[in-house]
Amino acid sequence: MGMINILDPTQANEAIPSPMHNKPTEAQLLDAAKQAVGSLCDISADDVAVNEHGVIDFATTDSSAVVYFWVNAGDDVEPASYRFQATLLRNVTESPLVYELINAINVDLVYGQLCFREDEITLYYRHMVTTSEPDVLAWILSQLLEEADRADDALQSRVGGERWIERASDEIDV
């Protein structure tokens, strides 16, 4: 009969490396984010705008949504992550149908979840990272835009509201 090797619980922290120790820095995450957006928009990473709060706005000409995202370098407890938010519809009247549709769509979403707050339906997603990989981030951004486009069309046809792209030009931040 073979030997069973039992780990001493006092040695568990030494035996199992924590992903918190070798995580990317905020600068590395932001650099990867700019590279990802640059590759999707066919511009230089240096030309990707980051506002004073560290937020990057991302959209494409064939999308009705804008994904806002930022980096979170984490700490000793919280892992590093990218956080994404895309408001799909606003001026939506709260009703049982709104929640029923959001729940039905959430079941099929690969990334993120839809939430209803006040009069807006928003897509949220948090991607935990242990490395900064621009290609992975670019793929996630493109998937989030696709999901946002599908969801806002499906929702608007049933509950009304106004898509982000339909905002009056005097309301759009430049």
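The values are calculated or read from the model by the stated rules, or taken from the named source; none is laboratory data. These numbers come from a predicted model, not from an experiment. Ideal geometry is used to build each Cβ from the backbone, glycine not excepted, and the neighbour counts take in all protein chains shown. The area values use the complete protein model at the heavy-atom level, side chains included, leaving out ligands, DNA and RNA. Shrake-Rupley method; radii C 1.70, N 1.55, O 1.52, S 1.80 Å.
Share of carbon and sulfur in the accessible area of the stretch 24-174 stands at 48%, probe radius 1.4 Å. For the stretch 102-152, GluC sites (Glu not before Pro) meeting the loop criterion (DSSP other than H, G, I, E, B) and having at most 13 other Cβ atoms within 10 Å: Glu118. Using a cut-off of under 13 Å, list every residue of the stretch 82-104 whose amide N is near the label point 7 Å from the Cα of His53 along the Cα-to-beta-carbon line. Zone members listed by number: 84-87.
Dipole size of the stretch 73-174 about its Cα centre, with +1 on Lys/Arg Cβ and -1 on Asp/Glu Cβ: approximately 200 debye, rounded to the nearest 20. In this simple spin-label approximation, Ala27 and Val107 carry label points 7 Å from Cα along the Cα→Cβ vector, and these lie 4.8 nm apart. Modelled spin-label separation between Thr93 and Ile165, with each label point placed 7 Å from Cα along the Cα-to-Cβ direction: 2.6 nm. Summarising the amide proton neighbourhood of Lys23: residues at separation of 5 or more, or on other chains, whose placed amide H is nearer than 5 Å comprise an empty set. When only Cα pairs below 8 angstrom with a gap of at least 6 residues are kept, the stretch 46-121 shows a relative contact order of 20 percent. Residues of the stretch 80-115 with an amide N closer than 15 Å to a point placed 7 Å from the Cα of Arg158 along the Cα-to-Cβ direction: 89, 93-109, 114-115.
Across the stretch 42-174, the relative contact order, built from alpha-carbon pairs under 8 Å that are at least six residues apart, equals 27 percent.
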